[in-house]
1. Averaged across the residues of A:142-148, what count of C-beta atoms belonging to other chains lies within 10 Å of each residue's C-beta?
2. Can you give me the distance in nm between label points at A:Ala40 and C:Leu192, each placed 7 Å from the Cα along the Cα-to-Cβ direction?
3. So for the range B:257-338: antiparallel DSSP bridges make up what percent, rounded to the nearest 5?
4. Between B:Tyr48, B:Tyr307, B:Tyr252, where does the largest GNM mean-square fluctuation fall for chain B, given springs only between Cα atoms within less than 10 Å?
5. Within 10 Å of each residue's Cβ, count the other Cβ atoms and sort A:Asp178, A:Asp308, D:Asp27 from fewest upward.
6. Rounded to the nearest 10 degrees, what's the angle between the helix C:83-92 long axis and the longest principal axis of chain C, both from Cα atoms, 0 to 90?
7. Would you please give the FRET efficiency between B:Asp228 and B:His122, computed as 1/(1 + (r/R0)^6) with r the Cβ-Cβ distance and R0 = 22 Å, to the nearest 0.05?
8. Where Lys and Arg each count +1 and Asp and Glu each count -1, what net charge lies around D:Arg21 among other residues with Cβ under 15 Å from its Cβ?
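Just so you know, all these numbers are worked out from the coordinates, no wet-lab data involved. Note that the structure is predicted; figures quoted are calculated from it, not measured. Because the Cβ atoms are built from the backbone with ideal geometry, glycine has one as well, and the counts that use them run over all protein chains shown.
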There are 4 protein chains.
Amino acid sequence: MNKIKVSIIGSTGYVGAEAVRGFLCHDKVELVHLTSRSFAGRKFSDVYPVYRGICDITVEDLTPEQVAEDSDLVVTALPHGVSSQTVPVLLSKGCRVIDHSGDFRYKNLSTYEGSYKLEHPHPELLKEAVYGLPEFYREQLRTARLAANPGCYPTCSLIALAPFLKAGLIRKDSIIIDAVSGVSGAGRKSDLAYAFCETDEAFKPYGVVGHRHTTEIEEQASFLAGGDGTDIRLTFTPHLAPFKRGMLATVYCRPSDSFTDVTAEKINAVYNDFYKDERFVRVLPGKELPDVKAVYGGNYIDVNGTYDPSTGVIKLFSAQDNLGKGAALQAVQTFNAMFGFDEGDGLLTTIRGV
Amino acid sequence: MNKIKVSIIGSTGYVGAEAVRGFLCHDKVELVHLTSRSFAGRKFSDVYPVYRGICDITVEDLTPEQVAEDSDLVVTALPHGVSSQTVPVLLSKGCRVIDHSGDFRYKNLSTYEGSYKLEHPHPELLKEAVYGLPEFYREQLRTARLAANPGCYPTCSLIALAPFLKAGLIRKDSIIIDAVSGVSGAGRKSDLAYAFCETDEAFKPYGVVGHRHTTEIEEQASFLAGGDGTDIRLTFTPHLAPFKRGMLATVYCRPSDSFTDVTAEKINAVYNDFYKDERFVRVLPGKELPDVKAVYGGNYIDVNGTYDPSTGVIKLFSAQDNLGKGAALQAVQTFNAMFGFDEGDGLLTTIRGV
Amino acid sequence: MNKIKVSIIGSTGYVGAEAVRGFLCHDKVELVHLTSRSFAGRKFSDVYPVYRGICDITVEDLTPEQVAEDSDLVVTALPHGVSSQTVPVLLSKGCRVIDHSGDFRYKNLSTYEGSYKLEHPHPELLKEAVYGLPEFYREQLRTARLAANPGCYPTCSLIALAPFLKAGLIRKDSIIIDAVSGVSGAGRKSDLAYAFCETDEAFKPYGVVGHRHTTEIEEQASFLAGGDGTDIRLTFTPHLAPFKRGMLATVYCRPSDSFTDVTAEKINAVYNDFYKDERFVRVLPGKELPDVKAVYGGNYIDVNGTYDPSTGVIKLFSAQDNLGKGAALQAVQTFNAMFGFDEGDGLLTTIRGV
Amino acid sequence: MNKIKVSIIGSTGYVGAEAVRGFLCHDKVELVHLTSRSFAGRKFSDVYPVYRGICDITVEDLTPEQVAEDSDLVVTALPHGVSSQTVPVLLSKGCRVIDHSGDFRYKNLSTYEGSYKLEHPHPELLKEAVYGLPEFYREQLRTARLAANPGCYPTCSLIALAPFLKAGLIRKDSIIIDAVSGVSGAGRKSDLAYAFCETDEAFKPYGVVGHRHTTEIEEQASFLAGGDGTDIRLTFTPHLAPFKRGMLATVYCRPSDSFTDVTAEKINAVYNDFYKDERFVRVLPGKELPDVKAVYGGNYIDVNGTYDPSTGVIKLFSAQDNLGKGAALQAVQTFNAMFGFDEGDGLLTTIRGV
């Protein structure tokens, strides 16, 4: 069988580089082009020495048209506002695309434009794009030209919330998501705020009102609950923690009237039932709780929940690697869904033990 | 003036050792006895080499009676259940005491006994003990024989909540405290769970239902709101983060009917007004948010808050050093209140810059 | 083709668990038994939750005889003194063995017994065992029954020194190896010395005289230089650094009379020439220097060197993952050599990008 | 008594900020001006929020003349090449100066100019400047106008070597210094190389040939050995380690003919004898070895040594805080020597326990 020709635009940021790792491990993929403006002409392994001897492809500065010419699928890891201009070119040349920006994640144009303070140049693509969470959209992905890979916080939050939203087991008016990300979430850049001496032994909230992922979570949460994407408002607070990779969400919500006699065991059972066929969503047994350590380097997301009878609050927990299931490895899973491969192809041995 | 003779029982755990650091820096204090069972006979600086040449006192294994004999004040850093038996002996010998356990923090006996699964051998002392948060109880501390130093999470949570509870600005039925602690909060022990390779690059919730600090926060929150200590139930979730020292609380609550037209500016103003005379509570300016990095090594606690108009949720943030304001340096502040010294004595230069 | 049946004795320590990771990734291997005394009866993924859904094999407490019964190859990750008793049983039952202890690494019995303060119960096996550094012993490994996987520091040191010792380019009487290991090198144990709060932000030398790896390096260095294993004495100093995985050696030596007009370029050329066919030894280009970051999670070892004309000292540098090339992934490479597979099988995608 | 008026030029880098911390703690000092180009007009506590309420002085952009006008002592934390132009102005206005750059550390002009690739605009000051290591130059510092605060690596190396060089106990032709620094040594800057995700879990050598501190160590080592500053060549290799603050040197050398029957005990005794009156040099007892953890935040430097009879190599170890004894706190000690205060003033309680 011919291998699928995959190119990665924006390959030298942390998400792009993790996409390289993911697709390198995939035996049905041939990496064709890795592009980057800043590092064009250098080998990928000069930018990331860990890849010396493993991926010595020369990074190029190509136009979308050039990339499209000999690629079946293009992964774009570009800033929002740039993706919305690059992706249509790739599609017009016949490539399928998995995009990592926020530009194609929304169905509701005004929500996008309000959140990103941008006018969308190709609003018609919002309808066509499929939200790249295979657990919920794998059927649509199979034939999608364009997959919009979810944000890291949305993936972590939605996987935790989905079984309860879909079954109407929680109230939609009082959801609070308190989340924590590793530093790689800020991207690869020379910024004093992310310098070792400023970040190590530090921990702080940021973007505490109006973080863009809030509206992305709200829209998808609404869809999961059977809504039109505009009827849920929830509270979201991200924090920055001193580790490289990883993300944990602690979600607070209240049972709806239809969820009676709530217990931790019932919550665990809801998860087990809902995700019983999902290999990358691991429902932890009993009272075991997610830890970012246990998802490092992989495409797995661990979930569990509990109930506080004293206050009537349900607590849901989910942990993932923000670059893995939260970004580029999820793109590989989506790729598998799009091209009809086993969803685990290339993704089962990326974890790190210790 | 004669110096106050201070002894520390349980001086070689992290809290006890931080108490040593705090009282060493205090020019009106003479450290008399440092006790420890495990390290008796060794110099304190053999246990903590950083103190070589700074505190070479020999650690002793003494009875409470022996310690009491030549001490004006005894700081106890003992497990709960042990403090409740040791402290009464110290008091009976005429010492004043600052205790770090949960044994004297509650006014309501049944709340204590329910939370700690212990029968209290000296319930009469619960009434006498003063909760060692000088910001709220400094008058009572002035003459107290026994101060019950608050838990780290309660200090962090209560300082954040107090101005709003006291003024009736928030609803008491929907408070959620999501908090994060550094690893030193687990104490100094040989436990695989806190080994470097198990804790570095990790982040996880723990004690997610029924953590003891929940009831401690509830009782004091009730007092702050004018209640009898039993009328508030709140949701509390602690997490463990990969840094040595530090604690951050993110508190979610809703405005009461009397708090109208809520804005971040108003929340900041409430804080500024309430804490304007408190040197250790730093209300951050504008939209600046607390970071555990900025309180490392000191007795300071940084607070600020914001308002999410989309959901009507108030978010309050507070950061402290869990061993500092969260434990042993707060004990120094309490000591100052008890002995009539300036509350800042010995506490102004313990921070670390970088 | 039938898969090779591999079992791992002592599978729940860090080295054993990394062996699990390594052999899991190998498509010609079937993992048969994972043994452990402490965790028998639990799933491997209960001990290491990262493996949930990936390796849920139940850990067993089996005798060597039981393990041998249905294994082609047994990997032993046992303390020295235990391996020397277990391995002969496995061999006698017809298994091939890769052992991770020091018990079979020496050819000279008295060096072993002096270094380990033990009498060897099976000295006849010292002659038979092949030192498991495929770069130097792959021919012998092909038919070996017993491979003695090298120590982490010896691998790192010998790969750096080999080209110069073999060609007689350096003096044998003044070699100094200054090396640094991550904390996982100390093993998985509840020990205050390796607690997060004791190890983070710490850096110290240890075992500064008589560390056992010294004699192991000396014997193999002598063989590389054409000696009988007893004619080299060198200086070795290990240090403990605050990261989980990784090892770096800085080697100081002086050119022999036959190495004239030494330059950094010549040193680089010696490395390139010597290791040109070795896929896991990466000679860095130009003046680029090894960094433990770049070998994390893999079986690669990066080397380069320079020359200080002011003092006539050659500096050699090598970096590896102490659990990877320094231990369990090297065992996979050795396995490949022993069973005639491509040496890279299962080892090319274990790295971590960021 | 009037307080000494101290100003700090370049106060917002890590060294400058640590000088602020040091002089803030000194009760005989009044901080007058803190200068910085980048942050002029902002409060020092806006740049370093940890100082909120502790040091809220407004940072200014002043000329050296303006600073000199109302300062008794000026601490300069400027790049080399800038200091050599600023310091003469300060001196000409009657200020005493402690400079942190390399510009005044050398006696031999050509060594300076060769190492720094700069022509010195005021070579006459090289003779006058006193090397700011109080342990060796306190008499000269008493009357010095200009103290050249040593480099961090030189302080760490020279304190380790001095007793042996002064007494002629080691050979001068084979000294090797292998050293490790925390990341703050690179300064406060937006540089990808020092970003958290690039530095955490990393460890690497750098500047492996010709690092400027080599010649600084050589010159002072020569003076200690009674030479003219030009007769010692030694090998020096710095490494970067993933912690904020701290530095450790491992020094390899060989006994001279006059040092017979070398043992670890004798080495320890040499240290104890030489440093018996030095409060900031702590000779560790017995076989205890320095750890950067134990010097964090203070002006202390811990030393000890051992002897490897197998190779005849002496190993010396020293650990300090690179920003403390290695930079700005040593400047406070030097200040005390210059102004006739107790050398410990302001320096005894800056450590951090855990």
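1. Values: counts 0, 0, 0, 0, 0, 0, 0.
Mean inter-chain Cβ contacts per residue within 10 Å come to 0.
2. Calculated label separation equals 6.0 nm.
3. Details: 8 of 11 bridges.
Of those bridges, close to 75 percent are antiparallel.
4. Top of the fluctuation ranking is B:Tyr48.
5. Working: A:Asp178 25, A:Asp308 22, D:Asp27 10.
Fewest-to-most Cβ neighbours within 10 Å comes out as D:Asp27, A:Asp308, A:Asp178.
6. Roughly 60 degrees, rounded to the nearest 10.
7. Working: r = 22 Å, r/R0 = 1.00.
E(calc), rounded to 0.05, equals 0.50.
8. +3
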